[in-house]
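The values are calculated or read from the model by the stated rules, or taken from the named source; none is laboratory data. In this text the structure is predicted, and so the values were computed from the model without any measurement. Reconstructed Cβ throughout: ideal geometry from the backbone, glycine too, with neighbour counts over all protein chains shown. Ligands, DNA and RNA are stripped out before the accessible areas are found, and what is left, the full protein with its side chains, is counted by its heavy atoms. Shrake-Rupley method; radii C 1.70, N 1.55, O 1.52, S 1.80 Å.
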Amino acid sequence: MIVLWGVEDDAPLAVVRSALRRIGAHFFFLDQSRSRETEIDLAVGDGVTGEIRLGGARCDLASVAAIYLRCHNARAVTPGANRDEALARHADRLDQIMSAFLDVTAARVVNPAEAMATNGSKPYQSAIIAAHGFAVPNTLITTDPDEVAAFAARHGEIIYKSISGVRSIVNRFQPEHAGRLKDLVWCPTQFQQYLPGRDYRVHVVGDAVFATEIVCDADDYRYAARRGEDVIIQATLIPFFVADRCRALAAALGFALAGIDLRLTPQGEWYCFEVNPSPAFTYYADAGGQPIGEAVAELLAAG
Amino acid sequence: MIVLASAWDDAARDFVARHALAGVSLLVPRDLSRSGWRYRSGDPAATIMVAGGRRFLLNESGGVLTRLPAVTDADLPHIAAADRAYVAAELTAFLLAVLASATVPVLNAPTPQRLCGPAWQDAKWRRAAHRCGFAVKEARSHALIVDDAVEEEPPRATATVVGDTCIGAPNPVLSAAARAVAKAAGAALLTVEFDDPGPDGTVLRARPLVDLSDPLVEEAVLRLFRMTDAGRPRTELDDRSLGG
């Protein structure tokens with residue numbers, strides 16, 4: 001049995017669900033928005049057993065071979081939980097027991113919470129990336145404006161972005177931002193050398209590698225459309241050694257599915273910025289015409 | 001030695017007070033909002049910390065004793081309320097990178113989910129004990145629509161692991177189980193709870209924190225950090241004001 005954990009309108013989950021149907025794989029969709037109808041029993045000792053009940057459907061936890069997570073905070077996606085504290089607590093409890101199950105199950109988990117957490121600290125993950133052969137941008141995190149000035153003098157152009165997994169727009173540091181450096185004292189802030197080049201998003205699904213090229217002039221292509229700038233996403237091929245490095249990096253991080261952000265500089269050097277453990281791959285797959293959802297479904301079906 | 005803890009961790013504060021003369025300093029989340037912090041990718045020797053009113057190179061400290069699972073909103077009363085959740089996430093992410101890259105001892109070593117060791121739920125501690133060859137009692141948990149009341153079985157015995165030492169175990173079997181679970185979790189500091197003080201007692205759960213008010217635990221922790229090394233003079237980087 002395959003378990004899909006998330007919400008109905010999540011695009012990657014919907015694509016994988018459709019792909020599983022096409023290949024005839026049995027799956028159980030644990031829809032977090034239906035907390036009101038969901039119950040879970042879990043028993044952990046010499047083995048791991050239990051059951052999920054959702055409406056009239058049941059899933060024997062001992063028979064679960066693979067799980068794909070696109071989960072949210074169940075409390076936040078359960079209708080009425082903001083007005084019903086007992087329902088909200090029940091939703092929390094469902095999340096907690098599912099997390100406990102994922103921690104101890106022998107099933108393939110795409111991806112385990114402990115592995116996914118590496119993405120919660122970009123400099124922490126960057127150190128792992130560097131240890132696996134990719135170049136990473138020189139990074140400074142500081143509360144000291146003088147350090148920033150020295151870093152900018154050394155690298156010319158620099159950018160700033162969040163340290164944590166909280167999404168932020170990557171921005172180029174401009175001279176007019178200097179007046180705000182006094183605010184650094186409140187929170188260490190991450191600065192990186194600016195690297196010109198072409199962006200690539202590489203999805204690794206098991207041993208399969210799907211590369212897309214992103215043509216865009218913005219510092220952060222994810223927000224280019226909002227700023228009226230064009231973004232072109234197209235399927236492409238990357239050198240074998242880069243694909244191998246991506247596979248090895250994803251495996252080292254414990255990811256069966258990963259979205260890896262690369263940039264190829266004009267000097268021909270491949271930099272890696274980040275490895276996303278829960279990639280919204282449909283954004284790239286739709287534009288590039290790549291069967292990433294099908295690959296995820298096959299990975300899950302293989303257990 | 002640096003003790004990283006919440007400002008409300010009285011045990012940490014008392015421990016630091018008892019050993020301040022030996023060079024032990026307290027680092028609380030408020031200290032991260034002071035000028036002078038520096039972390040450079042690929043250069044752990046360059047990391048500068050600010051704690052106890054001083055700036056110093058992390059690798060010139062005797063190590064870090066971590067007792068803070070994560071920075072939370074509650075740790076940041078000096079930050080505007082609307083920004084606290086974001087700043088808490090940023091500070092936690094920053095500390096993980098700093099601690100993970102340190103070349104001095106950091107106990108417990110941080111994990112991506114927790115700044116002071118593994119963030120395991122009870123079920124995983126029991127599975128670890130089972131894998132180490134010790135008997136475990138089945139733990140049942142449920143989320144039922146009509147009754148979500150959860151009762152956690154209280155411990156009837158505890159044992160504290162500090163490095164290779166086990167303190168307070170009521171018998172050799174539980175001592176061996178505690179040390180085995182700590183080793184499996186990669187936790188140098190661990191408090192393990194059992195359902196029974198007899199040799200048939202089984203692991204209920206564990207916490208990657210130890211009771212610093214227990215003199216035996218305190219002595220073992222200090223020994224682990226090799227306090228003589230931690231007491232060496234540190235480089236005062238400059239005397240500029242630590243703003244913030």
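Taking each residue of region A:233-247 that is under 14 Å from A:Asp199 (Cα atoms) and looking for partners that are polar (S, T, N, Q) with beta-carbon atoms closer than 9 Å, six or more apart or interchain, yields A:Ile233/A:Thr212; A:Gln234/A:Thr212; A:Ala235/A:Thr212; A:Ala235/A:Gln290; A:Thr236/A:Thr212. Elements of the type strands (runs of 3 or more DSSP E) sitting completely within region B:127-183 and holding at least 1 residues that are at pLDDT 90 or above and either open to solvent by less than 60 Å² (accessible area, probe 1.4 Å) or farther than 26 Å from A:Asp41 by Cα (or both): these cover B:157-162, B:165-167.
Being within 14 Å of chain B (Cβ to nearest Cβ), part of a strand (DSSP E or B) and under 24 Å from the mean Cα position of the chain (by Cα) narrows it down to one residue among A:Leu42, A:Leu30, A:Leu4; which is it? None of the others qualify; the one that does is A:Leu30. For region B:25-74, the candidate set comprises residues that are assigned to a helix (DSSP H, G or I) and open to solvent by 10 Å² or more (accessible area, probe 1.4 Å); within that set, the residue that is farthest from A:Phe151 (Cα to Cα) is B:Ala74.
Here's the yes/no breakdown for (1) in contact (Cβ under 8 Å) with a residue 60 or more places away in the chain; (2) surrounded by 18 or more Cβ atoms within 10 Å (Cβ to Cβ):
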position	(1), (2)
A:Asp103	no, yes
A:Asn111	yes, yes
A:Asn119	yes, yes
A:Phe151	no, yes
A:Val166	no, no
A:Trp186	no, yes
A:Tyr200	yes, yes
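Here are the criteria: (1) in contact (Cβ under 8 Å) with a residue 40 or more places away in the chain; (2) away from every other protein chain (no Cβ under 13 Å). Tell me which single one B:Asp164 does not satisfy. The one condition B:Asp164 does not meet is (1).
State whether one or more residues within region A:61-68 are facing another protein chain (nearest Cβ under 9 Å), within 26 Å of B:Ala135 (Cα to Cα) and at pLDDT 95 or above. Checked region A:61-68: no residue is facing another protein chain (nearest Cβ under 9 Å), within 26 Å of B:Ala135 (Cα to Cα) and at pLDDT 95 or above. Consider region A:120-144 and keep the residues that are more than 8 Å from every other protein chain (Cβ to nearest Cβ), outside any strand (DSSP E or B) and not β-branched (Val, Ile, Thr). The one that is nearest to A:Ser63 (Cα to Cα) is A:Gln125.
Taken over region A:145-167, the residue count meeting the criterion of being more than 9 Å from chain B (Cβ to nearest Cβ) and part of a loop (DSSP other than H, G, I, E, B) is 3.
Somewhere in region A:285-293, is a residue at pLDDT below 95, buried (at least 22 other Cβ atoms within 10 Å of the Cβ) and not charged (D, E, K, R)? Checking region A:285-293: at least one residue is at pLDDT below 95, buried (at least 22 other Cβ atoms within 10 Å of the Cβ) and not charged (D, E, K, R). Every listed requirement among (1) crowded, with 17+ Cβ neighbours inside 10 Å; (2) among the basic types (Lys, Arg); (3) touching a strand residue (DSSP E or B) at 6+ places or on another chain (Cβ under 6 Å) is met by A:Arg75 save one, (3).
A single entry from B:Val3, B:Val24 fulfils the requirement of being β-branched (Val, Ile, Thr) and modelled with pLDDT of 95 or more: B:Val3. I'd like the residue in region A:85-100 that is closer than 18 Å to B:Ala123 by Cβ and facing chain B (nearest Cβ under 8 Å) and, out of all such residues, is surrounded by the fewest Cβ atoms within 10 Å (Cβ to Cβ). If we take residues in region A:85-100 being closer than 18 Å to B:Ala123 by Cβ and facing chain B (nearest Cβ under 8 Å), then A:Ser99 is surrounded by the fewest Cβ atoms within 10 Å (Cβ to Cβ). Within region B:85-131, the set of residues being without any contact (Cβ under 8 Å) to a residue 12 or more places away in the chain and either in contact with a Phe, Trp or Tyr (Cβ under 6 Å, 6 or more places away or on another chain) or more than 8 Å from chain A (Cβ to nearest Cβ) (or both) comprises B:Ala100 only. Listed by first and then second residue, the pairs with beta-carbon distance under 7 Å, at least 6 apart or on different chains, first residue in region A:10-25 and within 21 Å of A:Asn73 (Cα to Cα), second in a loop (DSSP other than H, G, I, E, B), are A:Asp10/A:Arg70; A:Ala11/A:Ala280; A:Pro12/A:Arg70; A:Pro12/A:Ala280; A:Pro12/A:Phe281; A:Leu13/A:Arg70.
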